[in-house]
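Just so it is clear, none of the values below were taken in a lab; they were calculated from the coordinates. Quick caveat, the model's predicted, so the values are computed rather than measured. In this analysis, Cβ positions are derived from the backbone assuming ideal geometry, glycine residues included, and neighbour counts consider all displayed protein chains.
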Amino acid sequence: MDGTVKMFIAGVVVGALLVYAWYYYRSSEKFQEEQKQPEKPEPPKQTPQLVLLYSNGCGHCHRLMPVWEKIEEALKDSPVQAIKIEMSQPEAAGHEVKGVPAIRLFPHGMSQGFIEYSPQVQGIKGDRSLDDIMRFSAIAQSA
């Protein structure tokens, strides 16, 4: 047998083995996993949040704490989350306030805009009473 014929036959055999190996690899689970499109992560659900920004050295804040504890208890089973953030904590870094206590409502979570608690909000007196703050939190459920 001539050398070129032997090389031709060897090439055909090697080619057939490569085709078989490629076919085997493509049918493997590893290949199937590599070919899957990455799943788009589901966006986090945005929970409405009622946030109290306060300072430990503030007299108005201390007077508001018993009311805020009642609000936390009242909103415990509600879709609105009641959160306290002390202004010296790292969580307060992104919140610019003119004064404390500041009450803010984030209807779609803290990653989006907020509504400042004030008498300018329709139906709100601005007296920081339990009823008034609860009316304010109800805005999140209608938004």
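Projected onto the charge dipole of the chain (+1 at Lys/Arg Cβ, -1 at Asp/Glu Cβ, origin at the Cα centre), which of Phe8, Ser27, Ser88 gives the Cα projection farthest towards the positive end?
So the residue we want is Phe8.
Is segment 65-143 best put as rounded, prolate or oblate by its Cα gyration tensor, with a ≥ b ≥ c the root eigenvalues, rounded for a/c under 1.5, and otherwise prolate when a/b is larger than b/c, oblate when not? Don't skip to the end; give the middle numbers.
Values: a/c = 1.27, a/b = 1.25, b/c = 1.01.
Judged from the Cα gyration tensor, segment 65-143 comes out rounded (a/c under 1.5).
For a Förster distance of 30 Å, can you work out the FRET efficiency between the beta-carbons of Ser129 and Gln46, rounded to the nearest 0.05? Numbers along the way, then the final one.
Numbers: r = 28 Å, r/R0 = 0.92.
With a Förster radius of 30 Å, E is 0.60.
Normalised by the number of residues in segment 47-143, what is the relative contact order in percent for Cα pairs under 8 Å and 6+ residues apart? Don't skip to the end; give the middle numbers.
Values: 149 pairs, mean separation 33.9, N = 97.
Relative contact order, segment 47-143: 35 percent.
With +1 on the Cβ of every Lys and Arg and -1 on the Cβ of every Asp and Glu, and nothing else charged, how large is the dipole of the chain about its Cα centre, in debye rounded to the nearest 20? Intermediate results must be reported in sequence, preceding the final value.
Values: 15 positive and 17 negative charges, 29 e Å.
Magnitude of the dipole: close to 140 debye.
Hey, rough spin-label estimate for Val5 and His108, points 7 angstrom out along Cα→Cβ, what's it come to in nanometres?
With each label placed 7 Å out from Cα toward Cβ, I get 7.8 nm.
Mind running the shape call on the chain? Use the C-alpha gyration tensor, a ≥ b ≥ c as the square roots of the eigenvalues: rounded below 1.5 for a/c, prolate if a/b tops b/c, oblate otherwise. If you can, show how the numbers build up before the last one.
Numbers: a/c = 5.70, a/b = 4.28, b/c = 1.33.
In terms of gyration-tensor shape, prolate.
What size of dipole, in debye to the nearest 20, comes out for segment 89-143 about its Cα centre when the only charges are +1 on Lys and Arg C-beta atoms and -1 on Asp and Glu C-beta atoms?
Working: 5 positive and 6 negative charges, 16 e Å.
Dipole size: approximately 80 debye.
Kindly point out which whole DSSP H helices in the chain project their C-alpha atoms 30 angstrom or further along the helix axis while averaging a Kyte-Doolittle hydropathy of -1.0 or above. Intermediate results must be reported in sequence, preceding the final value.
Details: long enough: 3-26 (34 Å, 1.12).
Passing helices, by number: 3-26.
Among Ser55, Ser78, Ser27, which one shows the highest mean-square fluctuation when the chain is modelled as a Gaussian network with alpha-carbon springs under 10 Å?
Sorting by GNM fluctuation, first place goes to Ser27.
Packing-wise, with mean Cβ within 10 Å as the measure, how do 68-75, 9-16, 80-87 rank, highest first? Walk me through the numbers before you get to the answer.
Working: 68-75: 16.0, 9-16: 10.1, 80-87: 18.1.
The peptides rank, most packed first, as 80-87, 68-75, 9-16.
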